[in-house]
Every structure is written in structure tokens, then in C-alpha cells.
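The structure appears below as C-alpha cells.
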Amino acid sequence: MKCFCVKPWMIALAIISALPAAAQKNNAAPKKWVTVSGKIQFLWPEEDCKRLGYNLNKVYIGKGEGYEYKAFDSVTVKPDGSYSIKINATVPTIYRIDLLKYCNRVDFFADANAEINDRGYDTAKVKIKNPPYVFIKSQSLNNKIINIINHIDYYGYQESIFVYNEEYYANQYKNTDSAWATYLAKQDRINKFQQMESARMRLVIDNYADQPAVVSALRRTNWMKDADNTLAILDKLSAKYPWFRDAKDMKEEVKTFLVRTKMLENGKPAPTFTYPDPNGKNVSLASYKGKYVLIDFWASWCGPCRQAIPKVKDLYEQYRSKGFEVLGVSIDNDKKAWLKAVEEEEAPWAQVLTPDIRKTQTDYMFSGIPTMYLIDGEGKIVDKFTGFTQEAEARLKEILNKL
């Protein structure tokens, strides 16, 4: 057997080689922890937890936007509604706290302790998706900025509910008093409210463009219309805070958007897909060749989407004989809720459910709904509409009148 002898110089070399690693380990920044605590006013009833087979009364800490959200830690809420959870804040970032399962979520910046209280379980007999505003009590400047962002977001949603409710009741009396409904129909208030909300959010961005929390504001604006300016803000953030991963991630997202946008310009081929309808039968976009088809991306839980359906029905009835079709594509992650909504809406066109929400949103580059794409008989994009505004309706009629 061959013997390997260790020379004294080899031992010395090994010790010297290990010194940088040891020094680096000793000089590494110590972990920093912050505590998020608070109280939940109403907990899920025990019978609901038993029915679903797991504890709904937990607070989750996670990361990610929309369907990309993933919880990485959780804590059970005490019987009195209190909770407390420690979070690694060595590298501060924007996290999302899930205050009880299926109840309320809010973003916060993990650079200081925070107190976040919430109403929790909705005790109302008739439950609607209208989560309350959640205030973050913290000494962190970034959490104070997020409080402003969340406040703008919350009241923007309340304004949209007010508009839709008023339009609904005005239309109920349209046959006996059409003046109210006619006046509202000419105002395009949803679009105006969205513009005002965007201006408020823009003010936050302009004032706090040098703070990490501004990423949360950028994500709540239609940054796709001003991607270059968004990139400029993110570049400065990354230079000032090289450790801030959120800015780098969003920067990559914006770059991807710019590439995809070129692929989704008017006149370019629409991404093909084949999704199942309520009966499990596959419906392909390619099957609409030779017709103009409006792809309506929607979901059962989206109020503006469902408010738009009656207006799309009017278009459908008016232009169907000219070769106009509609294809509803739901991004629901709850199939039962989707099937129930399809039944309630009674839309006379095909409805399909995407099996991969993220891919569908990436392929067609949208986050908010309703988003609609008009495709011509050759499968090419004619135009895209974000929200069913009066401008969108007028543009569709302008195109369809030429068929």
C-alpha cells in the first residue's frame, strides 16, 4: 500500500489557506431579527377548522406577488387573538403577512419591529371580498411609506365599489327614470377614479423614490405604460441598496415585460392555448380561425370583470352575425367558484379555465383583470384593453363596424 506522508510545510500551507475563510466567518454580519406581533379580533370558528381539516387560525409570513406568494413561516394565534413571530431581518426585504387563512394580507418591510392588528374572520352573515385597511405600527420609515401606499390602494377599491353600486341601482330604475343612468353612462367614472388613484401613487413614488418601500408603490401602478422610468428608479435603488433583492427581481420582471411586449404588439400572432371548458372539453384559440375573437381574461372574484360581462353581451349580440366571438378565460384557482360564476353569468360564449395561471399571465403579459385581447381571423392581435372602459367599448365598436 502506498503511503502518503504529510510534510510540515504542507500543514503550514493548509493553516494559511484556511485563514481567509475563518476570518470571513468571524467577520460575517450577525443575524438581525425583528418581531411582528399583534392581535386578531375575530378567529375562525372551530367548526370551520374541523370541516376543512386544518387550523385556519394561523399567521403566515411569506414572499411573492399574487399567485406567486409562498409562506415560509407561520405561528398559531392564541385563543385571545394575540400572536408574535420573529423574522430574520439580516437583509431587509418586503414580506407579506397573511393574517389568518383566507382573511387579510398586507405587505411590510422587515427592518424594524412592527405591530399589525386585524379584524380577522368576517363575522357578517353576507360575506363579500372587501378586506379592511390594515395599519402597520412601526418606527420604520419604509413601513410608514407602505401605510400610505396601502391607504391609497384601499380607498381606491372603496371608490370603485361605490361607482359600480351606483351604476347598478341607476340601471334598476332605467325604465322609469333614465336620466340618472344616462348621466352616469357618459361619465366613465371608473377610468377617472383609476387616474386619480394613479396620480396619488405617483406622488408617493416621486417623494420616496430613494427608499426600498417604493417598490411596493411601483407594483400598484400601471408601470407597464412607463417601463423606462420604472427601470431608472429600480437602477438607482439597486445602486444605493445592492442587498435589496426586491428591486433586482422587479428589474428583471420589467425587462422581461419589454421583451414580451414586442412579441404582443398589434399585428403579431397571439400566443396559442388550449384550455378545458366546464364540461372538460378542450377549447383551442386556433378553432376561432376566420373570426374576430375577444379573449376576456377574468375571474369569479373580480367585481369589475363581472360588471363588464353584460356590456360584452351587448357587443356579442350586435356583432355576432358579422363573425365576432368571445372566449372567456378564467384565472380562478377555485374551480367550484368558477363554475358557479359561469352558471350565474349565463354568458352565451365559451368559457375555459387555465390550468397554469402564471403561464397565462406571462404569455399575455397582464396582472390586473379584466384584460381583453381582440384577435383577428388570422390569429393576430388587433388590440389590447385593460379594463372595459368607455374608450375600450368605443374602440371595439370602431373595429367591429368594419367587419
Using Cα positions and a limit of under 26 Å, work out the lysines in reach of LYS86, with same-chain residues fewer than 8 apart set aside.
-> LYS25, LYS31, LYS32, LYS39, LYS58, LYS63, LYS70, LYS78, LYS101, LYS137, LYS144, LYS248
Rg and Dmax of segment 32-151 over Cα atoms: what are they, in angstrom?
-> 14.1, 44
Whole-Å distance linking the alpha carbon centroid of segment 195-230 with that of segment 360-403 is 25 Å
Quote to one decimal, in nm, the extra length available between ALA179 and THR35 on full extension: 0.36 nm per residue of separation minus the C-alpha distance between them.
-> 46.2 nm
Expressed as a fraction of 2.2 N^0.38 Å, the rule-of-thumb size for a compact globular protein of N residues, what is the C-alpha radius of gyration of the chain?
-> 1.21
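Can you bin segment 81-228 into rounded, prolate or oblate? Criterion: square roots of the alpha carbon gyration tensor eigenvalues sorted a ≥ b ≥ c, rounded for a/c under 1.5, prolate for a/b above b/c, oblate for the rest.
oblate
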Given the alpha-carbon gyration tensor of segment 223-337, what are the semi-axes of its equivalent ellipsoid in whole angstrom, ordered largest first, with each equal to the square root of 5 times an eigenvalue?
-> 36, 18, 15
Quick tally, 1.4 Å probe accessible area for GLU346, GLU398, sorted with the most first, runs GLU346, GLU398
For the charge dipole of the chain, defined by +1 on Lys and Arg C-beta atoms and -1 on Asp and Glu C-beta atoms about the Cα centroid, which residue among ASN282, ALA114, PRO30 has the Cα displaced farthest towards the positive pole?
-> PRO30
Taking all pairs of distinct alpha-carbon atoms in segment 273-403, Kirkwood radius in angstrom = 14.7 Å
In terms of the ratio Rg/(2.2 N^0.38 Å) built on C-alpha atoms, what value belongs to segment 143-228?
-> 1.40
Fraction of beta bridges assigned by DSSP in the chain that are antiparallel (%, nearest 5) = 75 percent
Measure nothing fancy, just the Cα-based angle from helix 303-319's long axis to the longest principal axis of the chain, in degrees from 0 to 90, nearest 10.
-> 40 degrees
In percent, how large is the relative contact order of the chain, given Cα pairs closer than 8 Å and 6 or more residues apart?
-> 11 percent
In range of the label at GLU68: residues from segment 206-225 whose backbone nitrogen is under 19 Å from the point 7 Å along Cα→Cβ = 212-225
Selected from MET372, THR386, PRO269, residue furthest toward positive end of dipole (segment 269-389; charges at beta carbon) = PRO269
Could you tell me how many degrees, from 0 to 90 and to the nearest 10, lie between the Cα long axis of helix 227-240 and the main elongation axis, the longest principal axis, of the Cα atoms of the chain?
-> 10 degrees
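Sort 139-150, 248-259 for me by packing, meaning the mean count of neighbouring Cβ atoms within 10 Å per residue, highest on top.
The peptides rank, most packed first, as 139-150, 248-259.
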Where a label projected 7 Å from the Cα of PHE193 along Cα→Cβ would reach, residues of segment 351-378 with amide N under 18 Å | 368-371
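So, R0 is 30 Å and r is the distance between the beta-carbons of LYS322 and TYR168; what FRET efficiency does that work out to, to 0.05?
0.50
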Calculated from DSSP helices alone, with each H run of at least 4 adding -39500 (n - 2.57) and the total divided by the residues of the chain, [θ]222 nm to the nearest 500 comes to -13500 deg cm²/dmol
Spin-label zone in segment 335-376 - amide nitrogen under 18 Å from a point set 7 Å from the Cα of LYS291 along the C-beta vector = 346-353, 373-376
Hull surface over four for the Cα convex hull of segment 165-274, reported in nm², is 11.0 nm²
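The values are calculated or read from the model by the stated rules, or taken from the named source; none is laboratory data. Please read all numbers here as calculations on a predicted model, not as lab measurements. Cβ sites come from the backbone with ideal geometry, for glycine too, and all protein chains shown count toward neighbours. Just the protein is used for accessible areas: all its heavy atoms, side chains included, with ligands, DNA and RNA removed. Shrake-Rupley method; radii C 1.70, N 1.55, O 1.52, S 1.80 Å.
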